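The structure under discussion appears below in the form of structure tokens.
What follows is calculated from the coordinates using simple rules that are stated; it is not laboratory data. It should be emphasised that the depicted structure is a prediction, and the values quoted were computed from it without experimental measurement. Ideal geometry is used to build each Cβ from the backbone, glycine not excepted, and the neighbour counts take in all protein chains shown.
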Amino acid sequence: MKKIILLLLCVVMSACGPKGRQHAYVLPDNVESKVESLQLDLARAPKAKKVLADEDRPLQELFEKSELRIVNDNFRVRVPPELVEKYNAGGYKAKLGLLHAGIIDELLSVFDGFFDNKPIFYTYIIPEDMSKKYAGHPIPGFDDDGFSMAYGTWPGGEAWLDYIPVRINIMHEYAHLIQENFNASKHELFTEGFADVVPLYILGYESKYPEYVQRVADTEIYSVNDLLAKVDMYENDAPDEICSFRKTYISSYALVRTILEKIEEKFDMTKEEAVKLYLNIYAMSPETNQEKLGPNPDKNSKEWEEARVQDSRVLIENFARLLDMDADKLLNTTEYQQEVLQEIRKLSE
Ligand SMILES: [Zn+2]
């Protein structure tokens, strides 16, 4: 059995082939003792290149004049000058300190032992007039000891400390910072699913959130190929809820969770172990088509989008090969995901 597993990993790896990018880590050659060897050195792990678009200069200026607040070992806040007084007076401090630091601790419990050095998460508080563009999602990070992305926080947006959707949503955004560190150019099909799978599945928030379970029960999901080729991932068909309620996000979540559950089953792993293996395979997946476009491709071009779609299909095929799934079925139908959807629906019974 061990030999078969080894062989399968080799198949996946050789499919990855030699690449231009350098990774400071390798897939372990013995899956059964792999968890120990899956440790990644964040400092050496490839960081997404900070290519700052001209339109993001105002963000850099905001960073330069902001004040730094160290909440704990894992979490730091940048406060714009106009909000320092308010922050110091306790309002934002209490919210961000309690809420975000607690959420980051919980998030890091999933990745225990994964990082050699302690990762530091940043949130940049965005003043109201810039909040439309920079708040509520990952934005370029300028702190060298942090991830390549920070979370842009709009201080008016988080009123409830223990409101489940708020917790899920904030954790979703911080999970993006981890995933972006491993590979920033992956398709939203993978990135949104990953950001949801951490709170909803691994940390079990789904079972505390009946409205979400109901939404999943009522939703007919998209296949991988539909998501890659036809659908706008940010199509908002759930305007009053958090983004996890969108049909595209549920579809993406169902896919990533299907892959995680197959990893757990095949390699007899816990959820936490499975997500580490997932990220390794994900980070090392080839991007042959994107690389063909040169070092600075036009990310608004059709060619770039097509290359990303093709590379995503290769990643799906690699997962299918590793996990004894039929790649065509995984790409073109939702059959594999139905098992996951049924598990979720059971929560409402
Ligand atoms: Zn997201």
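Run the simple label-point estimate for Lys118 and Ala89 please: 7 Å along Cα→C-beta, distance reported in nm.
3.2 nm
What fraction of the DSSP beta bridges in region 54-181 is antiparallel, stated in percent and rounded to the nearest 5? Don't jump to the answer; show the numbers that get you there.
Working: 9 of 17 bridges.
Beta bridges within region 54-181, antiparallel portion: roughly 55 percent.
Report the calculated FRET efficiency for Ala217 and Asp73 (r = Cβ-Cβ distance, R0 = 51 Å), to the nearest 0.05.
0.80
Under a crude label model (7 Å from the Cα following the beta-carbon direction), how far is Asp232 from Lys346 in nanometres?
Using points 7 Å along Cα→Cβ, the separation is 3.8 nm.
Testing the spin-label approximation: label points 7 Å from Cα along Cα→Cβ at Glu82 and Glu106. State their distance in nm.
In this crude spin-label approximation the distance works out to 3.2 nm.
Between region 264-307 and region 104-146, how far is it from one alpha carbon centroid to the other, in angstrom?
That distance is 21 Å.
Could you sort the peptides 168-177, 215-224, 292-301 by per-residue average Cβ neighbour count (10 Å cutoff), highest mean leading?
Per-residue Cβ counts within 10 Å, averaged per peptide and sorted highest first, yield 168-177, 215-224, 292-301.
Starting from 0.36 nm per residue, how many nanometres of slack lie between Lys65 and Thr288 once their C-alpha separation is accounted for? Each step should come with its number before you reach the end.
Working: separation 223, 0.36 × 223 = 80.28 nm, distance 4.00 nm.
My answer for the length gained is 76.3 nm.
Within 10 Å, count the other beta carbons around each residue, average over each peptide in 314-325, 90-101, and list them highest first.
Highest to lowest by the protection proxy: 314-325, 90-101.
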